[in-house]
Structure formats: structure tokens, C-alpha cells
Amino acid sequence: MATKTVWVTGATAGFGAASVGRFVAGGWRVIASGRRADRLQQLVEKHGAAHVHVAAFDMRDEAAMRAAHATLPAEFADIDLLLNNAGLALGTAPAQQADLTQWKQMIDTNVTALVSITHLLLPQLVERRGAIINISSIASSYAYRGGNVYGASKAFVTQFSQNLRCDLHGTGVRVTSIEPGMAETEFTLVRTGGDQAASDKLYAGAHPITADDIADTIWWVANLPAHLNVNRIEVMPVSQSAAGLQVHRG
Ligand code: NDP
Ligand code: 8X3
């Protein structure tokens, strides 16, 4: 079987870094991108330059994204799978107290950058009958306090995934939205502006999803027979479940 290639965005931590390891172990070539060049270099040192090509750039910089794509080495240029994983939540304040700059950064990263790289790669994904896996979130379906723009950005990702499926009908390109619940990565550290104690407190005793759990889910989706499309996967730790509505009595 020919060696396949996946582009993993957000490969420097969490789900992305775990996915790089999973795909390399499975014999795929991996393009790994993210802002932190030192973390990307560690991936090359760990997995080898024959298996991992890295591209350090900010997903919000469309010119840098295009340059990374245009300068892919020939062995990595034929992309079979786009793993749209790079993303973040910033802040937990209610909307009326939220920071507009943080809202815009979430939209620029989780929405605009995701559609930009998808648009860039779609022609070759169609040509190769490839696949797209978008990392959404349970926050796309379940509203919670402080979820405001983060949840809305992930609702976009979920709906964009389903709309892509319609447009790609007949091309053989598969599209899946994976919607994880609470997972222990750097996610909460980023969301809280580097508050390790807050991150530890959130996950303490909860037995959350791990990055490897999601990498295994992604790997399973990526390797299904070509005639199967998993549209959506919602996955939570057993310790997490949805809980009701709130009522304010004035
Ligand atoms: P991490 O914070 O551990 O990883 C996020 C990754 O996104 C990093 O590699 C980071 O790289 C990258 N990233 C963020 N902003 C940019 C940017 N502007 N340009 C390039 N890369 C960027 O979090 P997770 O692994 O948990 O998150 C991965 C995805 O999963 C996200 O989309 C997140 O919303 C989603 N998710 C997370 C859940 C959780 O509970 N952890 C649950 C559901 C969904 P760098 O900083 O080096 O640029
Ligand atoms: C991350 C999951 O519930 O913290 O997307 O928003 S949640």
C-alpha cells in the first residue's frame, strides 16, 4: 500500500502531538504545523525527518500558510488527510465581561484559519479522494456559561463539516467532525492565560479524556474502509454528562 500523508495542524501539543505519533507509528508521512518551532523540532528529533516535515507558522497568517504549502518537499506534497486540529479557547468570562480581542483570536484561529487551509487543500484532496477530520467540541452542541464565542466557533466547525459533505458528494472525499468533551491537554492552561493550578483543579479526580484517546479516535476514522463516512463523533469521559437548564427568578 502506498504511504499516505496527513497534515496535522496544532501539532505542538495535545491532540495534535499525539496524532503525529499515532500516524507515524502507523506508517504515514506527517506534515506537522504550529507556532512553536522548538516543539516542532522535537517532533522531528523524535520521529525522524523522513517521517515528519514541520512548518512553523501562525495559522492566522494566510500568506505563511500558503508559503508552507508551496514549499512542501516532494515526498510530503501529496496530501491524503487534513486534520484540522489547531484551535483554542480564551477566557471563561460571561459575554458581557469578555475581552473582544480574545473573541476575535478564537474566530480567526478556530474558524477563519480552518476554512483557509481547507480551501487551500481541497483541490488536491478531491484529486486524491482524500479526507478531512475537523476537531470540533461538545461546546458546539451544549451551551455553558463562559462558552460564548468558543462554543459558537466550534458550532461553525461542526456545521461546516456537514456542509462540506454535501458539496463533496460524489468526489469520494470523506469529512468527519470529532467533538470531544473534557480532555486534559494544554487547553485549559491556554484558556486561563497560563494558570496551571486552575488547569489541575479542573481535571483533578475527573479521569478526563487523554490526548492519546483522541489520537486513537482520529486514527480509527482515518483508516475506515473508503466507502464509509463517519459524519460526527461526540466523545466524553464517563465522568462528564450534560446537565439541564438554568432559571433565574427575579
Ligand atoms: P492544546 O492547547 O494542547 O493544543 C492546541 C494546538 O493548537 C497547539 O499545537 C497550538 O500550537 C495550536 N494552535 C493554537 N493557535 C494556533 C495558531 N494561531 N496557529 C497555529 N497553531 C495554533 O489543546 P488541545 O490539544 O486540547 O486542542 C486541540 C483542538 O481540540 C482545539 O481545536 C480545541 O479547541 C479542541 N478541543 C479540545 C478539548 C479539550 O478539552 N482539550 C475538547 C474539545 C475540543 P502553538 O501554540 O504552537 O501554535
Ligand atoms: C473543549 C471542551 O467543554 O471545555 O472544547 O468546552 S469544553
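The values are calculated or read from the model by the stated rules, or taken from the named source; none is laboratory data. A quick note: this is a predicted structure, and the numbers were derived from the prediction, not measured. Here the Cβ is made from the backbone with ideal geometry for all residues, glycine too, and neighbour counts use every protein chain on show. Note: areas computed on protein heavy atoms with side chains; ligands, DNA, RNA excluded. Shrake-Rupley method; radii C 1.70, N 1.55, O 1.52, S 1.80 Å.
On a straight-distance basis, which aspartates and glutamates could pair with K154 in a cross-link, Cα separation under 17 angstrom, same-chain partners fewer than 8 positions away excluded?
K154 reaches D108, E179, E234.
Starting from the amide H of V52, placed 1.01 Å from N in the peptide plane, find each other amide H under 5 Å away whose residue is 5 or more places distant or on another chain.
Result for V52 returns V30.
Per residue, how many Å² of accessible area does the chain show with a 1.4 Å probe?
Numbers: 12540 Å² over 250 residues.
Roughly 50 Å² per residue, with all protein chains present.
Equivalent ellipsoid semi-axes for region 104-250, as square roots of 5 times the alpha carbon gyration tensor eigenvalues: give them largest first, rounded to whole Å. It would help to have the intermediate numbers written out before the result.
Details: eigenvalues 175, 62, 49 Å².
Result for region 104-250: semi-axes of 30, 18, 16 Å.
Please identify which residues in region 161-190 have an amide N closer than 16 Å to a label point set 7 Å out from the Cα of R232, following the Cα→Cβ vector.
161-166, 175-181
Based on alpha-carbon centroids, what's the gap between region 142-181 and region 192-211 in Å, whole number please?
When both Cα centres are located, 25 Å separates them.
Among G130, L83, I233, whose Cα projects farthest towards the positive end of the dipole of the chain, with charges put on the beta-carbon of Lys, Arg (+1) and Asp, Glu (-1)?
I233
Pick out which of A17, A74, A63 has the largest mean-square fluctuation in a Gaussian network model of the chain, springs linking Cα atoms closer than 10 Å.
Result for the chain, Cα springs under 10 Å: A74 fluctuates most.
Tell me the mean residue ellipticity at 222 nm calculated for the chain from its helices only (DSSP H runs of n ≥ 4, each -39500 (n - 2.57), averaged over every residue, nearest 500).
-12000 deg cm²/dmol
For region 1-131, compute the orientation-averaged projected area of the C-alpha convex hull (one quarter of its surface), in nm².
8.4
I need two numbers for the chain: Rg to one decimal and Dmax as a whole number, Cα atoms only, in Å.
Just the Cα atoms of the chain yield Rg and Dmax of 17.9, 66 Å.
Between region 17-37 and region 65-122, how many Å separate their Cα centres?
16
Against the globular-protein guess of 2.2 N^0.38 Å, express the Cα radius of gyration of region 92-170 as a ratio, rounded to two decimals.
1.26
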